[in-house]
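Undergrad: Next up is a structure, given as structure tokens.
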Amino acid sequence: MRIIDLIHQEEQVLIESQRSNEDILTNTESLIMILSNAIVSEDKRSVSFYFLSNQVRNDLILSLLSSLRNHDTQSKLMKRQAIEKACLAAFSLYEPNLDKFLEQDEYGAKPVKKALDRSFKYVEKEFPSHSYRLKQVKDMINGFYAHGNMFNSLRKEGNFDFFDKHDTFLQRSLLWEIGYVACVIFDLWYQVAKQSVFAAQDEQAYKEYVEMVSVSQKYRELFVNHERFSKWK
């Protein structure tokens, strides 16, 4: 199949997915976008956080678009990127120095390899509940989607197609999960702001967030009580 044909087919898949999931899509999108308002700071030390938090939001949007286009591996990998950057962003509210995240060599700037590990340890120690929930999602991605395997190939339409096989229920649950990750990240940043000496919590945004979470929880109840997920109760 030619690229132009795939482009047209993706357009149709995307439009149909949007029509079928408009309600849950609205909730998930709102949870992603409100991440920009989790904290407030005019201190120059917050630049590391804003760089990273903007990328978290972008990664989750890319994850959402990939899921709507029935590209599960792409969606999961962008979700993993968002989780890792979310931990880095949280750590940056505690340790804002750019030198802790970037270093220079003869080729220019590059990431500090230990930064991600330090951020994981910080979140795990200070916010164990958030760490556990994010790790659950990340471990699932690592187990099935982060590396090449037969499992992903068998989930294609007709086994050899470009798009992953979906039914409406499964796709809705996958879209919800992206919003769930955004929920955890927002609350993580909001709680970290309590420990930060240069950032503050946005209380108005938190009130809006709570309303969004209540809607998300209603979808969650529908999923966990569905017969498809009964064995995991």
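The values are calculated or read from the model by the stated rules, or taken from the named source; none is laboratory data. Since the structure is predicted, the reported quantities are computational estimates derived from the model, not experimental observations. Counting neighbours? That spans all protein chains shown, and the Cβs are built from the backbone with ideal geometry, glycine included. The accessibility values were calculated without ligands, DNA or RNA, using every heavy atom of the protein model including side chains. Shrake-Rupley method; radii C 1.70, N 1.55, O 1.52, S 1.80 Å.
Undergrad: Could you grab me the full set of residues in the range 5-28 that are within 18 Å of Ile178 (Cα to Cα) and in contact (Cβ under 8 Å) with a residue 60 or more places away in the chain?
TA: Hits for the range 5-28 are Ser17, Ser20, Asn21, Ile24, Leu25, Asn27, Thr28.
Undergrad: Something else about it: Quick check on my filter: what residues within the range 16-50 are in a helix (DSSP H, G or I), closer than 22 Å to Tyr219 by Cα and over 16 Å from the mean Cα position of the chain (by Cα)? First the steps, then the outcome.
TA: At the first step, the residues of the range 16-50 found to be in a helix (DSSP H, G or I) are 16-20, 22-37, 44-50.
Those still in the list that are closer than 22 Å to Tyr219 by Cα too: 16-20, 22-35.
Answer for the range 16-50, where residues must be in a helix (DSSP H, G or I), closer than 22 Å to Tyr219 by Cα and over 16 Å from the mean Cα position of the chain (by Cα): Glu16, Ser17, Gln18, Arg19, Ser20, Glu22, Asp23.
Undergrad: Within the range 191-218, track down each residue that is of a type in the set (Lys, Arg) and part of a helix (DSSP H, G or I).
TA: Going through the range 191-218, the residues of a type in the set (Lys, Arg) turn out to be 194, 207, 218.
The answer is Lys207, Lys218.
Undergrad: A further question on this structure: Just the residues that are more than 16 Å from Leu188 (Cα to Cα), in contact (Cβ under 8 Å) with a residue 60 or more places away in the chain and hydrophobic (A, V, I, L, M, F, W, C), please, taken from the range 77-124.
TA: Passing the criteria: only Leu77.
Undergrad: Given the condition hydroxyl-bearing (Ser, Thr, Tyr), without any contact (Cβ under 8 Å) to a residue 40 or more places away in the chain and open to solvent by 60 Å² or more (accessible area, probe 1.4 Å), answer yes or no: does some residue in the range 38-50 qualify?
TA: Initial filter on the range 38-50 (hydroxyl-bearing (Ser, Thr, Tyr)): 41, 46, 48, 50.
With without any contact (Cβ under 8 Å) to a residue 40 or more places away in the chain added as a condition, the list becomes 50.
Restricting the remaining residues to those that are open to solvent by 60 Å² or more (accessible area, probe 1.4 Å) gives 50.
Within the range 38-50 (the criterion being hydroxyl-bearing (Ser, Thr, Tyr), without any contact (Cβ under 8 Å) to a residue 40 or more places away in the chain and open to solvent by 60 Å² or more (accessible area, probe 1.4 Å)), the answer is yes, since at least one residue qualifies.
Undergrad: To continue, here is another question. Tell me the helices (runs of 4 or more DSSP H) entirely within the range 72-190 that contain at least 1 residues that are at pLDDT below 95 and under 28 Å from Ile7 (Cβ atoms). Walk me through it before giving the result.
TA: Numbers: elements: 72-94, 113-126, 128-144, 150-154.
Once the helices (runs of 4 or more DSSP H) in the range 72-190 are filtered for at least 1 residues that are at pLDDT below 95 and under 28 Å from Ile7 (Cβ atoms), what remains is 72-94, 128-144, 150-154.
Undergrad: Right, something else. Given the conditions (1) at pLDDT below 90; (2) open to solvent by 60 Å² or more (accessible area, probe 1.4 Å), and given that Gln204 satisfies all but one, which numbered condition is not satisfied?
TA: Here Gln204 clears every test but (1).
Undergrad: Same structure, new question: Can you report the number of residues in the range 56-76 which are farther than 22 Å from Glu11 by Cβ and either open to solvent by 30 Å² or more (accessible area, probe 1.4 Å) or without any contact (Cβ under 8 Å) to a residue 24 or more places away in the chain (or both)?
TA: Number satisfying all stated conditions: 1.
Undergrad: Quick one: is Leu64 of a type outside the set (Asp, Glu), in contact with a Ser or Thr (Cβ under 7 Å, 6 or more places away or on another chain) and modelled with pLDDT under 95?
TA: Numbers: of a type outside the set (Asp, Glu): yes; in contact with a Ser or Thr (Cβ under 7 Å, 6 or more places away or on another chain): yes; modelled with pLDDT under 95: no.
So Leu64 does not fit the description; no.
Undergrad: Moving on to the next point. Would you call Ser53 surrounded by fewer than 22 Cβ atoms within 10 Å (Cβ to Cβ) and either assigned to a helix (DSSP H, G or I) or of a type outside the set (S, T, N, Q) (or both)? It would help to see each step written out before you state the result.
TA: Details: surrounded by fewer than 22 Cβ atoms within 10 Å (Cβ to Cβ): no; either assigned to a helix (DSSP H, G or I) or of a type outside the set (S, T, N, Q) (or both): yes.
Against the criterion (surrounded by fewer than 22 Cβ atoms within 10 Å (Cβ to Cβ) and either assigned to a helix (DSSP H, G or I) or of a type outside the set (S, T, N, Q) (or both)), Ser53 does not qualify.
Undergrad: Filter the range 40-59 for residues that are touching a Lys or Arg at 6+ places or on another chain (Cβ under 7 Å) and of a type in the set (A, V, I, L, M, F, W, C); which is farthest from Ser119 (Cα to Cα)? Let's see the steps before the verdict.
TA: The first filter runs over the range 40-59 and keeps only residues touching a Lys or Arg at 6+ places or on another chain (Cβ under 7 Å), leaving 52, 55-56, 59.
If we keep only those that are of a type in the set (A, V, I, L, M, F, W, C) too, we end up with 52, 56.
Working: Leu52: 12, Val56: 15 Å.
Checking each candidate, the answer is Val56.
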